[in-house]
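One structure below.
The values are calculated or read from the model by the stated rules, or taken from the named source; none is laboratory data. It should be emphasised that the depicted structure is a prediction, and the values quoted were computed from it without experimental measurement. When we count neighbours, we look across all protein chains shown, and the Cβ atoms used for this are built from the backbone with ideal geometry, even at glycine. Side chains are part of the model used for accessible areas, which takes the heavy atoms of the whole protein and leaves out ligands, DNA and RNA. Shrake-Rupley method; radii C 1.70, N 1.55, O 1.52, S 1.80 Å.
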Amino acid sequence: MFILNFSFLLAQKNFAQYVNPFIGTGGHGHTFPGATVPFGMVQLSPDTRIDGSWDGCSGYHYSDAVIYGFSHTHLNGTGVSDYGDILLMPTMGTPSLDNKDYSSTFSHQNEKASAGYYEVLLDKFNIKARLTTTTRVGYHEYTFNNSGRANIILDLNHRDELLEGEVKVIDEKTIEVYRRSKAWAENQYIFAKIEFSKPLGVSAFDVDNVNRANNSFSGKKLKLAFSNQVKKGEKILVKVSLSLTGFEGAEKNMQAEGKSWDFEKIKKNAENSWNKELSKIEITSSDKDKLSVFYTALYHVFTQPNIANDVDGKYRGRDNQIHTANHDYYTVFSLWDTFRAYHPLMTLIDKKRTADFINTFILQYEQGKRLPIWELASNETYCMIGYHSVSVIADAMMNGVKGFDYGKAFEAAKNSANNFDDYGMKTYRENGLLTIDDEHESVSKTVEYAYDDWCIAQMAKILGKTED
């Protein structure tokens, strides 16, 4: 039997100890086991799938035995594949840029994961990889258990179609990366600054273009290896800061969150940030498995949406321009999946983030002319039916959540309902329902549009707009 206690005090209890990030990585769970912090821009995790298959949505599946590398963005629990940006993989010996060669087998016996942390032994190269993160910076620690030539592979052709990319070698310890890709999000931008703890030179590359003058590589084919000699037991640390806006944003994020080389300190900070969030709901039980199931589920609640603004507030808007927000700006709104339970829960336990979610909706409406349906990396995917950001807004208004403009939110909701004719919305407005002769999924769409209309009506009631 559970005893629930909603606690907003920063209790010193270790709730993170109950989190098992491997839950959901098998079957059709589509979760990833790697390191992230609550709502973090970085999800640093191993990739065992290089295709866009159903069970490869998160990049990892527990049934697999090969790791291709560690990329910095991952989706959690979705039904369509995307992300897997900025893949790094440590190897030994003569560097190869073929993923069949640089990938490695691994055993779950030599794999560990906890809230904010992941580690694994790469069998082929006898390299121990450890990962942790801040909000915008991924931390890698590679221990080379044999002496010889150590390589770090950077593969920008991993998973998504690379539309264009660039790698700038700033010096032997620093590179900058730009990647624009196409998958579920058809035009995704990501920038990164990568710092190595040890000088590494470019030892191999498979690219479209080389610019010797400024030591940069570019094109739609972009794979490089960085190498140096290591002694047995030597460690190489790597820090990767991300930005959706540009190289300047990645630099600012690195300066704010990536100055330290103290891996253990960053790992502890990540665990503390998880304990802060997980303490919002305290349950007690003598059954450790039940505690693990509950707190891992709560951990997944806090995995997405993801912060998408730089430390200075800049973000890439729905119009693909760079803007500045005075609040956290988020991405990955799978609203058809989350309006029923996720967002009502967040309305109860995190009113500040709920307000920032809605402020993000309003900005996306102003820049993209309609509220988000299923937004991903500043792209509207139009996945699933309805337009359930209005449900999130109505629930927040009915619960008295402060911190967003109710009038603007209502205007956005009303215009999103009235000014678009796609997906049967015009016929629904004219007839009050959809038949199978009008539109496929007619019954579901009728129900969901009617529900969204009702939500907008509740907003109007709160605002005293009786005619609406």
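Taken together, the criteria place Val202 among residues that are open to solvent by 30 Å² or more (accessible area, probe 1.4 Å), of a type in the set (A, V, I, L, M, F, W, C), in a strand (DSSP E or B) and in contact (Cβ under 8 Å) with a residue 12 or more places away in the chain. Given the structure, is Thr94 polar (S, T, N, Q) and open to solvent by less than 20 Å² (accessible area, probe 1.4 Å)? In short, no.
The residues in region 384-406 that are assigned to a helix (DSSP H, G or I) and either of a type in the set (A, V, I, L, M) or open to solvent by less than 30 Å² (accessible area, probe 1.4 Å) (or both) can be counted, and the count is 9.
Inclusion of Glu176 among residues that are open to solvent by 10 Å² or more (accessible area, probe 1.4 Å), of a type in the set (D, E, K, R), modelled with pLDDT of 95 or more and more than 21 Å from Asp98 (Cα to Cα) is warranted.
Of everything in region 107-155 that is in a strand (DSSP E or B) and small (Gly, Ala, Ser), the residue that is most open to solvent (accessible area, probe 1.4 Å) is Ser114. Do we have Thr338 as within 28 Å of Val447 (Cβ to Cβ) and open to solvent by less than 10 Å² (accessible area, probe 1.4 Å) here? So Thr338 does not fit the description; no.
Of all residues in region 228-255, those that are over 19 Å from Val37 (Cα atoms), outside any helix (DSSP H, G or I) and within 20 Å of the chain's Cα centre (by Cα) total 2. Assess whether Asp452 counts as being crowded, with 21+ Cβ neighbours inside 10 Å, within 28 Å of the chain's Cα centre (by Cα) and either closer than 23 Å to Asp337 by Cα or without any contact (Cβ under 8 Å) to a residue 12 or more places away in the chain (or both). So Asp452 fits the description; yes.
May I ask you to list the residues in region 158-192 that are outside any strand (DSSP E or B) and touching a residue at least 60 places away in the same chain (Cβ under 8 Å)? Listed by number, the residues that qualify are His158, Arg159, Asp160, Ala183, Trp184, Ala185, Glu186, Asn187.
Residues that are open to solvent by 10 Å² or more (accessible area, probe 1.4 Å), at pLDDT 95 or above and either among the small types (Gly, Ala, Ser) or over 26 Å from the mean Cα position of the chain (by Cα) (or both) are absent from region 185-195 altogether. Quick test of your reading of the structure: Lys100 fulfils all but one of (1) surrounded by 17 or more Cβ atoms within 10 Å (Cβ to Cβ); (2) out of contact with any Leu (no Cβ under 9 Å at 6 or more places or on another chain). Name the failing condition by number. Every condition holds for Lys100 apart from (1).
Scanning region 280-296 finds one or more residues that are within 23 Å of the chain's Cα centre (by Cα), modelled with pLDDT of 95 or more, among the charged types (D, E, K, R) and open to solvent by 10 Å² or more (accessible area, probe 1.4 Å). The set of residues in region 411-423 that are buried (at least 21 other Cβ atoms within 10 Å of the Cβ) and within 17 Å of Tyr451 (Cβ to Cβ) comprises Ala413, Ser416.
Contact annotation: no residue pair with Cβ atoms under 7 Å, 6 or more positions apart or on different chains, pairs a residue in region 72-84 that is within 14 Å of Thr338 (Cα to Cα) with a partner that is in a loop (DSSP other than H, G, I, E, B) and modelled with pLDDT under 95.
Restricting attention to region 348-383 and to residues that are touching a strand residue (DSSP E or B) at 6+ places or on another chain (Cβ under 9 Å) and part of a strand (DSSP E or B), the residue that is surrounded by the most Cβ atoms within 10 Å (Cβ to Cβ) turns out to be Glu375.
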